[in-house]
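Taking it in order: structure first as structure tokens, then the write-up.
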Amino acid sequence: MGKVYLMGVGPGDAELITLKAIRMLGKCTAVMYDRLASTSVLKYLKEDCEINYCGKEPGCHYKTQEEINEMLITLAKKGHIVGRIKGGDPFVFGRGGEEALELLKEDIEFEVIPGITSPIAVLSYAGIPITHRGVAQSFHVFTAMSAEKLNIDWDAVARLDGTLVFMMGFKNLQKIAESLIFNGKSKNTPCAVVMRGTTSKQIKVVGTLIDIIGKVQKSEISSPCIIVVGEVVKFNDQFNWYEKKPLFGKNICITRSKQQSKELRETLIDLGAEVVEINSIAFKNTSHNLDDYKDKFASYDYLALTSINGVNIFFDYLKDIGFDIRKLKAKIAAIGPATAQALSDRGIVADILADHFVAESLFEKMKTYVKAGDKILVPRSKDARPYLVEALKGLKCNVDEVYTYETLCGKLRSENEMDDVDLIVFTSPSTVKNMIKMVGLETIKSKATLAIGPITAKALSDQGIESTVCDIYSAEGVIKKLLEM
């Protein structure tokens with residue numbers, strides 16, 4: 001018998017997930033995730049984890065709550081560690097209690113992992129504090145999916161002084177406003193509607209109970225939404241930190257490998273973007289190819305490194321075979337600042353640094369150093385362009401090119417990962433080729449694209465895809481160009 005984790009992963013912003021949820025996702029062998037849960041959290045799963053979408057809309061595997069309950073039980077009885085992934089918190093109108101009761105009937109072990117709930121987080125991202133001293137000393141949360149059928153005591157609710165929050169009530173906004181006014185709530189009470197809060201698609205409309213309907217009708221708001229009523233709404237502009245970020249409203253897809261995505265992803269998030277991380281490149285370590293060259297390491301005059309991955313795999317290999325790095329007499333050439341930083345992280349300063357992240361730039365720098373007869377080791381990807389090695393051989397250097405890794409096509413975690421993406425960042429021709437294979441050419445053509453440099457831009461152009469090209473061929477250049485666009 002397996003086990004089930006009923007877990008909340010927050011309201012949309014992929015970083016609003018708890019450390020415990022991340023740790024337990026890493027243990028799961030099967031997951032079932034909801035429509036309102038960010039697909040970005042799927043990156044915490046193991047490669048072989050079974051993924052099931054149950055968003056109660058077209059494309060889902062299990063549409064009804066009964067089917068979801070049944071599948072949870074089936075997976076657990078097969079021995080799976082099951083993650084039941086929910087947006088927000090599993091017990092705040094998330095039907096987690098119903099699922100727990102069904103698991104109890106079958107004597108299946110479960111744990112509940114609380115999540116940051118949307119009534120608090122979404123309002124915070126909209127600049128609305130759910131309570132505030134002297135303004136609102138309480139808050140009250142209602143589900144309003146079927147407000148006209150709910151047993152809500154509107155008379156009692158209208159007399160509450162605290163903040164009123166209605167979840168899943170967009171279609172019943174008029175019913176909510178009219179019921180509160182009819183039962184004595186001032187028609188001038190501040191009211192706001194926030195769509196898809198904490199994400200790039202967040203839209204906020206602010207008004208009063210009497211005019212909110214008209215304002216919403218003129219907006220682009222649609223479900224899912226949160227409705228908030230109360231004096232705290234007046235803070236929405238003063239406390240509006242999220243919507244003022246420079247990349248707010250942008251959903252940006254980065255296509256690098258998992259190892260290379262972290263810095264770019266975090267910088268984009270800090271600037272207000274929502275980031276979809278699709279690791280279009282995976283790596284297969286083939287450093288065993290260095291075995292035939294290890295006796296020559298101390299004799300090389302130059303070591304040319306053309307990627308972060310090349311740096312890490314080469315020096316990890318030295319460590320694994322017990323090679324004393326002090327025996328290396330070679331001057332070290334790095335293709336760009338990111339590669340130089342990977343060297344710096346290992347206590348090594350590059351002797352030669354290319355101005356741009358392209359092989360041509362590295363060769364231009366190296367040719368002012370190297371001479372005929374120099375021994376040069378180039379450990380790199382099997383898929384690397386031949387230019388650098390051929391150019392160095394053209395100077396009559398003795399070049400040993402060793403394939404220390406292969407780039408493989410990544411895998412999509414979810415079929416709807418690209419739905420909300422506005423712009424895709426491509427960092428190499430390999431990311432172009434693999435993304436076309438993973439999501440399709442037409443999907444890419446429907447989005448804006450940014451190429452890290454001219455080589456990547458040409459790979460896009462060859463497929464009929466127009467792109468903007470960075471002026472600086474690095475992660476910093478990507479950020480700079482995004483802020484300009």
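The values are calculated or read from the model by the stated rules, or taken from the named source; none is laboratory data. Keep in mind that what you see is a predicted model, and the values were worked out from it rather than measured. Cβ sites come from the backbone with ideal geometry, for glycine too, and all protein chains shown count toward neighbours.
Within the range 1-26, the set of residues being of a type in the set (A, V, I, L, M), part of a loop (DSSP other than H, G, I, E, B) and in contact with a Phe, Trp or Tyr (Cβ under 9 Å, 6 or more places away or on another chain) comprises Val9, Ile17.
Restricting attention to the range 252-280, the residues being closer than 15 Å to Tyr125 by Cβ and in contact with a strand residue (DSSP E or B) (Cβ under 8 Å, 6 or more places away or on another chain) number 3. Contact map, the range 94-112: first residue assigned by TED's automatic domain parsing to the domain that holds Ala76, second residue of a type in the set (Val, Ile, Thr) and surrounded by 12 or more Cβ atoms within 10 Å (Cβ to Cβ), Cβ cut-off under 6 Å, separation 6 or more or different chains; pairs are Leu103/Val4; Glu106/Ile73; Phe110/Val4.
Can you confirm whether Leu75 is more than 33 Å from the chain's Cα centre (by Cα) and not assigned by TED's automatic domain parsing to the domain that holds Val228? No: the conditions fail for Leu75. Apart from one condition, Arg326 fits all of (1) part of a strand (DSSP E or B); (2) free of Cβ contacts under 8 Å to residues at least 24 places away in the same chain; the exception is (1).
To keep it simple, each residue is scored yes or no on (1) at pLDDT 95 or above; (2) touching a Leu at 6+ places or on another chain (Cβ under 8 Å).
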| residue | (1), (2) |
| --- | --- |
| Lys284 | no, yes |
| Asp291 | yes, no |
| Asn309 | no, no |
| Ala340 | no, yes |
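Scoring Asn151 on the criteria (1) of a type outside the set (D, E, K, R); (2) closer than 30 Å to Lys77 by Cβ; (3) without any contact (Cβ under 8 Å) to a residue 40 or more places away in the chain leaves a single failure, condition (2). Here Ile212, Ile227, Ile203 are screened, and the one residue that is touching a Gly at 6+ places or on another chain (Cβ under 6 Å), touching a residue at least 12 places away in the same chain (Cβ under 8 Å) and assigned by TED's automatic domain parsing to the domain that holds Phe142 is Ile227. Candidates are the residues of the range 181-203 that are hydrophobic (A, V, I, L, M, F, W, C) and surrounded by fewer than 22 Cβ atoms within 10 Å (Cβ to Cβ); the one that is nearest to the chain's Cα centre (by Cα) is Ile203.
Val206 meets all of the listed conditions (1) in a loop (DSSP other than H, G, I, E, B); (2) surrounded by fewer than 21 Cβ atoms within 10 Å (Cβ to Cβ); (3) at pLDDT 95 or above but one, namely (1).
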